[in-house]
Amino acid sequence: MYQWFLSLHPVVQAFLAGIFTWGVTAAGAGGVFLARRIDQRLLDSMLGFSGGVMLAASYWSLLAPAIEISRHGSLPPWLPPAFGFLAGGGVLWLLDKSLPHLHLGFPQSEAEGPTTAWQRAVLLVTAITLHNIPEGLAVGVAFGGVIAGVPATSVAAALALAVGIGIQNFPEGVAVAMPLRSEGMSRLKSFWYGQLSAAVEPLAAVLGAAAVVLAAPILPYALSFAAGAMVYVVVEELIPESHRAGNVDLATLSLLAGFVVMMVLDVALG
C-alpha cells in the first residue's frame, strides 16, 4: 500500500491526504449518531490537544524545513520564513475580519466579522472552515515539496503531518456537530455541518501541492505561510475556546500532550 502511494504524483498524494483529514473530521462529527451531548471538560481537552498538534506541526513540519531550504538560497536564511510566517497570519487575520463567523461556545450575539443574517450553524462552519484552509495548504505544500527535490522534505514527513492534522480534526468534527445536536438540530443535519467544515481541506491540499510543483522557489514561503496561519488559529481561536468554560489547567495539559504527540510523529516518521 505504501509503495503504491509512493508511486503517485505528489498532487494526487496531497489530494488523498486531504480526503483522509476530511474523513477523520467526518468521523468525529459522526458522534452525533451515538450521543446528544459531550462533556465540556472532554471538549475543552480535545480543543487543547488540537492546538498542541497544530503548534508542533507549525514548527517541525513547516517552519524547520522552510529555514533549512532557505539556507541554500541567496537571501538571508531567516527572511523567507519570517515573511511567509507573517503573511500567513496576516491573511488569516484579514479573512477573520472579512467573513462572518462564530467561534465554538460563543453566543450568536458575539459573532465576528460583518453583520449578517446567517444561521448559527453556518457561522460555526465558517469559523472552522477558516482554520481548516491552512491545514489543507500545509498538507499540500508538504507533499508538493517532495517533487521539488528538496532534501528537507519527504513523503514520510508529509504523511506524518497529514496523520497529525487528521488526529486533531477528529475533535473538531465533534466540536461542531455536538453543540448543534444539543441545540435540537437533527442528527443528520448536525453531522452534515460537522463534516462540511473540513470539506475545503482536499481542495486546499491540491492547490498547495500544485503551487509548489509549478514554482519550487516558493516552497519556503509556502511552508512558513501555512505555519503562520496555523499559529494564528491556535492563539486566536483554539486556546480561548478551550479556556472559556474555566477548564484552563486541563486544556493546557492537553495542549502539551498534543504538542508531544505531533513532535514524536514528525521526528519518528519524518
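The values are calculated or read from the model by the stated rules, or taken from the named source; none is laboratory data. Note that the coordinates shown come from a computational prediction; the quantities given were computed from them, not determined experimentally. With ideal geometry, Cβ positions are generated from the backbone for all residues, glycine too; neighbour counts draw on all protein chains shown. Heavy atoms of the whole protein, side chains included, go into the accessibility calculation; ligands, DNA and RNA do not. Shrake-Rupley method; radii C 1.70, N 1.55, O 1.52, S 1.80 Å.
3J(HN,Hα) along the stretch 80-94, derived from phi through the Karplus expression 6.51 cos²θ - 1.76 cosθ + 1.60 where θ = phi - 60°, amounts to x, x, 5, 4, x, 4, 5, 5, x, x, x, 5, 5, 5, 5 Hz, with x in place of Gly and Pro.
Any idea what the dipole of the chain comes to, in debye rounded to 20, about its Cα centre with Lys/Arg Cβ at +1 and Asp/Glu Cβ at -1?
The dipole of the chain has a size of about 420 debye.
Taking a sphere under 14 Å around the Cβ of I19 and counting the other residues whose Cβ falls inside, with K and R at +1 and D and E at -1, yields a net charge of -2.
Between L8 and E112, the simple spin-label model (points 7 angstrom out along Cα→Cβ) gives 3.3 nm. Springs join every pair of Cα atoms under 10 Å in this Gaussian network model of the chain, and among D39, D249, D96 the largest mean-square fluctuation is at D39.
The residues of the chain expose on average 43 square angstrom of accessible surface per residue, using a 1.4 Å probe on protein heavy atoms. Secondary-structure-derived ellipticity at 222 nm for the chain, considering helices only, amounts to -23500 deg cm²/dmol, per-run term -39500 (n - 2.57) for DSSP H runs with n ≥ 4. The label-point distance for L269 and L34, in a model that sets each label 7 Å from Cα toward Cβ, rounds to 2.2 nm.
Suppose R0 equals 22 Å. What FRET efficiency, 1/(1 + (r/R0)^6) with r the Cβ-Cβ distance, do S182 and V91 give to the nearest 0.05?
Once the sixth-power term is evaluated, E becomes 0.10.
The figure for I167 is an accessible area of roughly 70 square angstrom, using a 1.4 Å probe on the protein chains alone. Residue by residue, the stretch 239-249 carries 3J(HN,Hα) couplings of 5, x, 5, 6, 9, 4, 8, x, 8, 5, 5 Hz when phi is fed to the Karplus relation 6.51 cos²θ - 1.76 cosθ + 1.60 (θ = phi - 60°); x denotes Gly or Pro. Put simply, when 220-233, 50-63, 256-269 are sorted by average Cβ atoms within 10 angstrom per residue, most first, you get 220-233, 50-63, 256-269. Surface composition of the chain: carbon plus sulfur atoms hold 72% of the accessible area, using a 1.4 angstrom probe and ignoring ligands, DNA and RNA. Could you compute the FRET efficiency for L16 and V122, with r as their C-beta to C-beta distance and R0 at 35 Å, rounded to 0.05? Given R0 = 35 Å and the Cβ-Cβ separation, E is 0.75.
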